[in-house]
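Presented below is the structure to which this report refers.
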Amino acid sequence: MNEQRSLTVSQLNTLIKDYLDNFPMLKNVYVKGEISNLKIYGGSGHLYFTLKDADSCLKAVMFGGAGKLKFRPEDGMKVLCRGRIAVFVRDGTYQLYTESMEPDGLGSLYIAFEQLKAKLESEGLFAAEHKKKLPKVPFRIGIITAPTGAAVRDMINVTGRRFPAAKIIIYPSQVQGENAPAQLIKALRYMDENNLADVIIIGR
């Protein structure tokens, strides 16, 4: 045996890693498969999972993925992932470093909607006993929206035509962007707890 030509395990894994890192096709590859062994780490949002088909499986990771995606991945879900293939030198394994993921079939927004709907339904929020009856003629109408722009003008005009005797109360809030959810919740809670309106419209 010629020891002069031998490599350590680390050297071999690094050599393979360097080769794959410079292989053009593997720098931006699309892979379809079914998710299994999914682990989501709450603090970082990292996703660790396996993509599989009928004959093979591939380890994959998506750093910060939980915060990037419009839907929540689940075991058994078929997805299309885009990313790069690289070797994890310590373990001598290769995996897909995922940059984006979308459902392989239904759109991500539809799946996100259905998941949220199922969650709210399980909490009983759609139950009839939790619903308030709308007044036939509201005398105080709250509008939560951006304070300027065409949307608020349209809501004021339409509401004024349909209920000319009603008082319109505007509560300004962002309606898009990462700060919007917190502001909308704050506005809705304030108007409801202080009984400022008979009905409340949230619009954009």
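The values are calculated or read from the model by the stated rules, or taken from the named source; none is laboratory data. It should be emphasised that the depicted structure is a prediction, and the values quoted were computed from it without experimental measurement. In this analysis, Cβ positions are derived from the backbone assuming ideal geometry, glycine residues included, and neighbour counts consider all displayed protein chains.
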Checklist outcome for this item: Exactly one of 181, 138 is closer than 30 Å to residue 72 by Cα and of a type outside the set (Val, Ile, Thr), and that one is 181
Checklist entry - So, in the range 1-18, of the ones that are hydroxyl-bearing (Ser, Thr, Tyr) and modelled with pLDDT of 90 or more, which residue ends up farthest from the chain's Cα centre (by Cα)? => result 8
Item to check | In the range 163-204, the residues that are free of Cβ contacts under 8 Å to residues at least 40 places away in the same chain and β-branched (Val, Ile, Thr) | outcome: 168, 169, 170, 175, 185
Checklist entry - Given the conditions (1) closer than 30 Å to residue 113 by Cα; (2) assigned to a loop (DSSP other than H, G, I, E, B); (3) out of contact with any strand residue (DSSP E or B) (no Cβ under 6 Å at 6 or more places or on another chain), which single one is not true for residue 67? => result (2)
Next on the checklist: Of the residues 128, 151, 146, 112, only one is more than 17 Å from residue 36 (Cα to Cα), touching a Phe, Trp or Tyr at 6+ places or on another chain (Cβ under 8 Å) and among the small types (Gly, Ala, Ser); which?
Outcome noted: 112
Checklist outcome for this item: residue 142 fails exactly one of (1) surrounded by 11 or more Cβ atoms within 10 Å (Cβ to Cβ); (2) closer than 30 Å to residue 29 by Cβ, namely (2)
Next on the checklist: Of everything in the range 172-189, what is surrounded by fewer than 14 Cβ atoms within 10 Å (Cβ to Cβ) and either part of a helix (DSSP H, G or I) or modelled with pLDDT of 95 or more (or both)? Give them in sequence order.
Outcome noted: 181, 182, 185, 186, 189
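Residues are listed down the side, and each one gets a yes or a no for (1) closer than 15 Å to residue 201 by Cα; (2) more than 27 Å from the chain's Cα centre (by Cα):
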site	(1), (2)
117	no, no
125	no, no
129	no, yes
147	yes, yes
Next on the checklist: Among the numbered criteria (1) modelled with pLDDT of 90 or more; (2) outside any strand (DSSP E or B), which one does residue 169 miss?
Outcome noted: (2)
Checklist entry - Here are some conditions: (1) over 13 Å from residue 72 (Cβ atoms); (2) at pLDDT 85 or above. Residue 116 meets all but one. Which one does it not meet? => result (1)
Checklist entry - Is it fair to say residue 12 is surrounded by fewer than 16 Cβ atoms within 10 Å (Cβ to Cβ), among the hydrophobic types (A, V, I, L, M, F, W, C) and not assigned by TED's automatic domain parsing to the domain that holds residue 178? => result yes
Next on the checklist: I need the full set of residues from the range 126-151 which are within 24 Å of residue 183 (Cα to Cα) and without any contact (Cβ under 8 Å) to a residue 40 or more places away in the chain, in order please.
Outcome noted: 126, 130, 131, 132, 147, 148, 149, 150
